[in-house]
1. Go through segment 98-113 and give me each residue that's of a type in the set (A, V, I, L, M) and closer than 16 Å to D32 by Cα.
2. Mind checking which residues of segment 59-87 are part of a helix (DSSP H, G or I) and closer than 24 Å to S101 by Cβ?
3. If I go through segment 69-97 residue by residue, how many of them are farther than 20 Å from G26 by Cβ and in contact (Cβ under 8 Å) with a residue 24 or more places away in the chain?
4. Looking at segment 88-103, which of the residues that are among the aliphatic types (A, V, I, L, M) and in a loop (DSSP other than H, G, I, E, B) is nearest to A50 (Cα to Cα)?
5. Identify all residues within segment 63-82 that are surrounded by 15 or more Cβ atoms within 10 Å (Cβ to Cβ) and closer than 19 Å to S22 by Cα; write none if there are none.
6. For the condition surrounded by 11 or more Cβ atoms within 10 Å (Cβ to Cβ), under 10 Å from the mean Cα position of the chain (by Cα) and touching a residue at least 12 places away in the same chain (Cβ under 8 Å), what is the one hit in F110, F100?
7. Is one or more of the residues making up segment 21-32 out of contact with any Pro (no Cβ under 6 Å at 6 or more places or on another chain), modelled with pLDDT under 95 and either farther than 19 Å from S101 by Cβ or surrounded by 15 or more Cβ atoms within 10 Å (Cβ to Cβ) (or both)?
8. Does P38 meet the test of being out of contact with any His (no Cβ under 8 Å at 6 or more places or on another chain), over 12 Å from F110 (Cα atoms) and of a type outside the set (A, V, I, L, M)?
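The values are calculated or read from the model by the stated rules, or taken from the named source; none is laboratory data. What you see is a predicted model; the values in this text were computed from it and never measured. Reconstructed Cβ throughout: ideal geometry from the backbone, glycine too, with neighbour counts over all protein chains shown.
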Amino acid sequence: MTKSNATAGDIQTLVPICAADSLAPGQMRACDVANLPPLAIYNLDGEYLATSNICTHEVALLTDGYFEGELVECAMHGGSFNVRTGEAKSLPCKERLQVFSVVVKDGQVFVKI
C-alpha cells in the first residue's frame, strides 16, 4: 500500500475559463469564477496569464483599463501592475495583485485554484 503525503490544501483544480483562440494576443478579458475574486485573463504574445481583476488601490476593474506588454493600467487613477508577477509598478498602486497559475490544454485556458 502506498501512502500519499498530499493534503487537501495541496490539491489543485483546473477551472475552464475560455477557448484559447477566443483571446487574441494583446487582449485581456474579465472572467467570473465561483469562489474566486473577479479575474482578468491576458494573452501576452501567446502566453496566457491571470490576475485578480480588482485594482488594489481602489475598487475598479482592471479590464476597464489598458493592457500593453507586461503591464495592465487601471483606468481609474492610472496605477499599473505587472501581469506576470502582480507587482505594483506605478503609483498610486502599492499592493501587488493576486496572480493565478494558468494551463492551456486541448485549446482551452484553465486557471488553477
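1. Initially, segment 98-113 is screened for residues of a type in the set (A, V, I, L, M), giving 99, 102-104, 109, 111, 113.
Answer for segment 98-113, where residues must be of a type in the set (A, V, I, L, M) and closer than 16 Å to D32 by Cα: V99, V102, V109, V111, I113.
2. As a first pass, look at segment 59-87 and keep what is part of a helix (DSSP H, G or I): 62-64.
Once the filter is applied, which keeps residues that are part of a helix (DSSP H, G or I) and closer than 24 Å to S101 by Cβ, segment 59-87 yields L62, T63.
3. 7
4. Our first condition is that a residue be among the aliphatic types (A, V, I, L, M); within segment 88-103, this holds for 88, 91, 97, 99, 102-103.
Right, trim to in a loop (DSSP other than H, G, I, E, B) and you get 91, 97.
Details: L91: 21, L97: 10 Å.
If we take residues in segment 88-103 being among the aliphatic types (A, V, I, L, M) and in a loop (DSSP other than H, G, I, E, B), then L97 is nearest to A50 (Cα to Cα).
5. Residues satisfying the conditions are T63, F67.
6. Values: F110 fails: under 10 Å from the mean Cα position of the chain (by Cα).
After ruling out the rest, the residue left standing is F100.
7. Yes, that holds for at least one residue.
8. Working: out of contact with any His (no Cβ under 8 Å at 6 or more places or on another chain): yes; over 12 Å from F110 (Cα atoms): yes; of a type outside the set (A, V, I, L, M): yes.
It is true that P38 is out of contact with any His (no Cβ under 8 Å at 6 or more places or on another chain), over 12 Å from F110 (Cα atoms) and of a type outside the set (A, V, I, L, M).
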